[in-house]
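Peer 1: Sharing a structure below in structure tokens format, with a few things to ask.
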Amino acid sequence: MKNHRTTEKSGFLWTEAGEHRTGMITLVTPLVRTDKTYSYAVPDELRERIQLGHRVRVPLGRSGRLVTGFVIAIDEGIWDNALRPLDSLQDERSFLSAGLVELGHEISKHYACPLARTLKAMTPEGVRRECGFKNVRYARLPVTKPGTALAERKLGPKQQALVTALEKAGTPVPVGELLNQVGTSSSVLRAAAQAGAVDIINRKEPAALEPVFSGDLEEPGFGLHDEQRAAIESVVRTCDDNKFSVTLLYGVAGSGKTEVYIRAMQHVIDQGKQAIMLVPEIVLTTQLVQRLAARFENVAVNHSGLTESQRSIMWRQVANGTKNIVIGTRSAVFAPCPNLGLICVDEEQEGSYKNLQAPRFHVRDVAIMRAKLLGIPVVLGSATPSVEVWHHSEQRDDYQRLVLSHRVKDLPMPKIHVVDMRDEWAEVRQQVVLSRTMKRLLGESLSRGEQAIVLMNRRGFANRLVCVECKARVTCPNCNIGLVMHSSTGQSICHYCRKRAPTPKTCPNPSCDAPLVPVGVGTQRVEDVLALFFPEARIARVDSDTMKHRRDYERIISDFESRKIDIIVGTQMIAKGLDFPFVSFVGVVQADDTAMSSDFRSHERMFQLMTQVAGRAGRSEGSGVVVVQTTTPDMPALQFALAHDYEGFAQAELDARRSVGLPPFRRLARMVLAHEREETVRREAEALAGRVREAITTLGMKFAEAVGPNPCALARLRGQYRYDLLIYAHTAADLRRLLAHLQKNGALVTKAKSFFVDVDAVSYT
């Protein structure tokens, strides 16, 4: 009886089969905190306009709030439930080709980043907003050619004059130009349009001048040496094979790797294809663009120094095929080339190729992904290849290694002098910036009218301020690391959170008030010391404090090439890829700094930096000399670098990593959590570690493990405490499977204020 009353009260729910409908369906990934995708029906009025990769507005959730998403699939289908229609197109056209959408899928899965966020990162915001373009109105004859019907229309003399002018032109004419030509007003044109005699259309056209990177074409006068010719022939064969391959072009500094890139790119362009050339630093594009502009007619450049309008115009030119060479830094790997035939990655080992925001991709690895999807070759060039790439070139069938063991014209490698700064300091009983050896050899180089490069891989005047009495130091209140003193501005700056404060003169401890002493060396202090010892020398400093815009880089490079500058002092951005024939001296101040970190790659980075900067010297007929100042002259990585012995270093490093299971013998992902309360972030990190270990057991991954959690090397940053967890897996496929399992089961959801996953991490800070 009770059940009967309940039934009578609630009634019965009758269901009927839904109406089957046929039409266009899209799969959309929305830009929200989810990895899910959703299906939407396409309204009839959008069927002819919607494209793969299009940004669209779609209703989401019970409230139906409109959000932005990307179309990742389009199909004709049948559905029997009420699919919501997508609301609108956010852009007139898609900026992502089918190939780039497919690449986005691969990046999303490999780097454990939501697909929508990945696709958003692949197209610069200025490109999506079509910066640099304006709507231009054109007049044209109706699509259906005027016939009897048009002749019967009663057009005034001025209207008829418009039609006659368009018939004579044969193509659409800008409205302003047409009105001036006929000598009439816009009201006459509107009347002609209303009568159906004229159509008015809108076109997007550049509103600003496009960046021009072309010069007078000329082939170089120098010849190729035997190793260059063999390398070019090998790369050209891989281009003609029309299949995926990776070529490691291992060549000592000054061996002519750039000419191999250029000849290979010329080959694919002659076949009607396009090529991408990637460089790690904006400063390298300046000099390389000049070389490419002298060899190719249509060069597009993409780097952070471009305005949004310039980048947008360049992107459109690449997409429509009018530019066949793309050179640039990280985002150039996503250039929308419709007929890509080759990708070259110069200085492939560089850490600056790693994107530091989600998706945390490595440009070299994305270039390989893209080449594999397209079935084209990729060339990785370096004088100091990453240990991982070197290992792959020995072990994998789809890799080959080409060696350029000699400098162009058989120039000798520079002579290297090592100075133990502990001996220098012991004699004068204080820290000195420049050793006697460096001052002597630098002075000799300048006296001969030659140029010099001095590397100090740290900005500022001094990297810490210390009290002489209580030994306290001035630290950033947000990050618990020392503020860097900048004498030119009178301020001390945290290079992580950017907090600035006037440089104090006395100890901040109220009970002390003793004077502060600047300790450590930065580029600014090295510049001051060089000016003191060499007052006649023209000195320029190159670091991120002085290089604010692309024009600053171009000016410095131009002035150094034209010998208006005698000494460049700067950070690692001056150490790689640049070619200055009159540089005979290179000095390295505090060579130890690069190796003094908790990262297992620190010795590799030190070897690479020493080798790269040494390679800047002696690139013409004269011999070169390098002075390296250090307090650890017996460090193995430094000894290998001084002997120009990359292969010996790589073998020793691989042996060490194999013994403890570090990359490339296992794959690595780093998870970082941060919160303003240390207890909270520690608790969340431990809980996350437990979920990861449980997933490893569930999936039966006997070679995988989770290490930690532990405080990060920078334990407090921007006011938040930080912990990290390292995850190792046997292969990339295993790591991808583990991360996918964690995402699917919500195991990566934490109460930390910030959290990110860094697959194939290159830094532990």
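Peer 1: Ala740 - would you say it is part of a strand (DSSP E or B), assigned by TED's automatic domain parsing to the domain that holds Ala685 and surrounded by fewer than 19 Cβ atoms within 10 Å (Cβ to Cβ)? Give the steps one after another, and end with the answer.
Peer 2: Values: part of a strand (DSSP E or B): no; assigned by TED's automatic domain parsing to the domain that holds Ala685: yes; surrounded by fewer than 19 Cβ atoms within 10 Å (Cβ to Cβ): yes.
So Ala740 does not fit the description; no.
Peer 1: In this structure, does Arg291 turn out to be at pLDDT below 85 and either buried (at least 23 other Cβ atoms within 10 Å of the Cβ) or not in a helix (DSSP H, G or I) (or both)?
Peer 2: Values: at pLDDT below 85: yes; either buried (at least 23 other Cβ atoms within 10 Å of the Cβ) or not in a helix (DSSP H, G or I) (or both): no.
Spelling it out, it is not the case that Arg291 is at pLDDT below 85 and either buried (at least 23 other Cβ atoms within 10 Å of the Cβ) or not in a helix (DSSP H, G or I) (or both).
Peer 1: Looking only at segment 644-655, which residues are surrounded by 14 or more Cβ atoms within 10 Å (Cβ to Cβ), in a helix (DSSP H, G or I) and free of Cβ contacts under 8 Å to residues at least 60 places away in the same chain? Break it down stepwise before answering.
Peer 2: Applying the first criterion (surrounded by 14 or more Cβ atoms within 10 Å (Cβ to Cβ)) to segment 644-655 yields 644-646, 649-654.
When the remaining residues are screened for being in a helix (DSSP H, G or I), the result is 646, 649-654.
Hits for segment 644-655 are Phe649, Gln651, Ala652.
Peer 1: Has segment 562-574 got any residue that is within 24 Å of Glu259 (Cβ to Cβ) and at pLDDT below 75?
Peer 2: Yes - at least one qualifying residue is present in segment 562-574.
Peer 1: Do the conditions hold for Ala82, that is, is it surrounded by fewer than 16 Cβ atoms within 10 Å (Cβ to Cβ), aliphatic (A, V, I, L, M) and touching a residue at least 40 places away in the same chain (Cβ under 8 Å)? Give the steps one after another, and end with the answer.
Peer 2: Numbers: surrounded by fewer than 16 Cβ atoms within 10 Å (Cβ to Cβ): yes; aliphatic (A, V, I, L, M): yes; touching a residue at least 40 places away in the same chain (Cβ under 8 Å): yes.
Yes, satisfied.
Peer 1: Out of Arg658, Arg691, Arg670, report the one residue that is within 27 Å of Leu356 (Cβ to Cβ), of a type in the set (D, E, K, R) and assigned to a helix (DSSP H, G or I).
Peer 2: Arg691
Peer 1: When segment 337-359 is examined, which residues are found to be surrounded by fewer than 21 Cβ atoms within 10 Å (Cβ to Cβ) and more than 22 Å from Thr238 (Cα to Cα)?
Peer 2: Gly351, Ser352, Lys354, Asn355, Leu356, Gln357, Ala358
Peer 1: Could you list, in sequence order, the residues of segment 71-92 that are in a loop (DSSP other than H, G, I, E, B) and either at pLDDT 85 or above or not small (Gly, Ala, Ser) (or both)?
Peer 2: Residues of segment 71-92 in a loop (DSSP other than H, G, I, E, B): 80-84, 86-87, 90-92.
Correct list: Asp80, Asn81, Leu83, Arg84, Leu86, Asp87, Gln90, Asp91, Glu92.
Peer 1: Residues in segment 402-423: is at least one surrounded by fewer than 17 Cβ atoms within 10 Å (Cβ to Cβ), modelled with pLDDT of 90 or more and closer than 20 Å to Lys257 by Cβ?
Peer 2: yes
Peer 1: Same structure again: Check whether at least one residue in segment 704-726 is of a type outside the set (Val, Ile, Thr), within 24 Å of Ser108 (Cβ to Cβ) and surrounded by fewer than 16 Cβ atoms within 10 Å (Cβ to Cβ), and report yes or no. Step through it out loud before you land on a result.
Peer 2: Initially, segment 704-726 is screened for residues of a type outside the set (Val, Ile, Thr), giving 704-706, 708-726.
Narrowing the set further to residues that are within 24 Å of Ser108 (Cβ to Cβ) leaves 704, 706, 724-726.
Checking the rest, the ones that are also surrounded by fewer than 16 Cβ atoms within 10 Å (Cβ to Cβ) come to none.
No - not one qualifying residue is present in segment 704-726.
Peer 1: Still on this structure, I have one more. When you scan segment 531-538, do you find a residue that is under 31 Å from the mean Cα position of the chain (by Cα), modelled with pLDDT of 75 or more, assigned to a loop (DSSP other than H, G, I, E, B) and among the aromatic types (Phe, Trp, Tyr), even just one? Working first, answer last.
Peer 2: Here is the first cut: in segment 531-538, the residues under 31 Å from the mean Cα position of the chain (by Cα) are none.
No, every residue in segment 531-538 fails to be under 31 Å from the mean Cα position of the chain (by Cα), modelled with pLDDT of 75 or more, assigned to a loop (DSSP other than H, G, I, E, B) and among the aromatic types (Phe, Trp, Tyr).
Peer 1: Anything in segment 629-642 that is in a loop (DSSP other than H, G, I, E, B) and either touching a helix residue (DSSP H, G or I) at 6+ places or on another chain (Cβ under 9 Å) or in contact (Cβ under 8 Å) with a residue 40 or more places away in the chain (or both)? List them, or say none.
Peer 2: Residues of segment 629-642 in a loop (DSSP other than H, G, I, E, B): 631-635.
Matches in segment 629-642: Thr631, Thr632, Pro633, Met635.
Peer 1: Here is a check on your reading of the model: is Arg401 closer than 23 Å to Gly648 by Cα, in contact with a Gly (Cβ under 7 Å, 6 or more places away or on another chain) and not aliphatic (A, V, I, L, M)? Lay out the reasoning, then the answer.
Peer 2: Working: closer than 23 Å to Gly648 by Cα: yes; in contact with a Gly (Cβ under 7 Å, 6 or more places away or on another chain): no; not aliphatic (A, V, I, L, M): yes.
When the stated conditions are applied, Arg401 does not pass them.
Peer 1: Taking segment 102-116 only, how many residues are under 16 Å from Ile74 (Cβ atoms) and either surrounded by fewer than 20 Cβ atoms within 10 Å (Cβ to Cβ) or assigned by TED's automatic domain parsing to the domain that holds Asn320 (or both)?
Peer 2: To start, the set of residues in segment 102-116 that are under 16 Å from Ile74 (Cβ atoms) comprises 102, 104-105, 115.
From the residues that got through so far, the ones that are either surrounded by fewer than 20 Cβ atoms within 10 Å (Cβ to Cβ) or assigned by TED's automatic domain parsing to the domain that holds Asn320 (or both) too are 102, 105.
So the answer is 2.
Peer 1: List pairs: first in segment 232-258 and outside the structural domain of Leu373 (by TED's automatic domain parsing), second modelled with pLDDT of 95 or more, Cβ under 6 Å, 6+ apart or cross-chain?
Peer 2: Here the result reads none, with nothing in segment 232-258 linked to a residue that is modelled with pLDDT of 95 or more.
Peer 1: Within segment 743-761, which residues are more than 13 Å from Arg670 (Cα to Cα) and either assigned by TED's automatic domain parsing to the domain that holds Pro359 or among the acidic types (Asp, Glu) (or both)?
Peer 2: Taking segment 743-761 and keeping what is more than 13 Å from Arg670 (Cα to Cα), we get 743-747, 749-754.
The answer is none; no residue qualifies.
Peer 1: So which residues in segment 673-688 are assigned to a loop (DSSP other than H, G, I, E, B) and crowded, with 21+ Cβ neighbours inside 10 Å, if there are any at all?
Peer 2: In the first step, residues of segment 673-688 are kept if they are assigned to a loop (DSSP other than H, G, I, E, B); the result is 676-677.
Correct list: empty.
Peer 1: Check Phe133, Phe70 and return the single one that is over 24 Å from Asp760 (Cβ atoms), touching a residue at least 40 places away in the same chain (Cβ under 8 Å) and crowded, with 20+ Cβ neighbours inside 10 Å. Break it down into steps so the answer makes sense when it comes.
Peer 2: Working: Phe133 fails: crowded, with 20+ Cβ neighbours inside 10 Å.
On inspection, the qualifying residue turns out to be Phe70.
Peer 1: From (1) under 24 Å from Arg128 (Cα atoms); (2) modelled with pLDDT of 85 or more; (3) buried (at least 24 other Cβ atoms within 10 Å of the Cβ); (4) among the β-branched types (Val, Ile, Thr), pick out the condition that doesn't hold for Thr322.
Peer 2: (3)
Peer 1: Continuing with this model, one more query. Taking segment 194-232 as the region of interest, how many residues are surrounded by 13 or more Cβ atoms within 10 Å (Cβ to Cβ), more than 26 Å from Glu167 (Cβ to Cβ) and at pLDDT 80 or above?
Peer 2: Qualifying residue count, segment 194-232: 8.
Peer 1: Sticking with this structure for a sec: Any idea which of (1) within 28 Å of Leu654 (Cα to Cα); (2) at pLDDT below 80; (3) of a type in the set (Phe, Trp, Tyr) is the one Trp390 doesn't satisfy?
Peer 2: Here Trp390 clears every test but (2).
The values are calculated or read from the model by the stated rules, or taken from the named source; none is laboratory data. The structure displayed is predicted, hence computed values, not measured ones. Note that we place each Cβ from the backbone using ideal geometry, even for glycine, and neighbour counts take in every protein chain shown.
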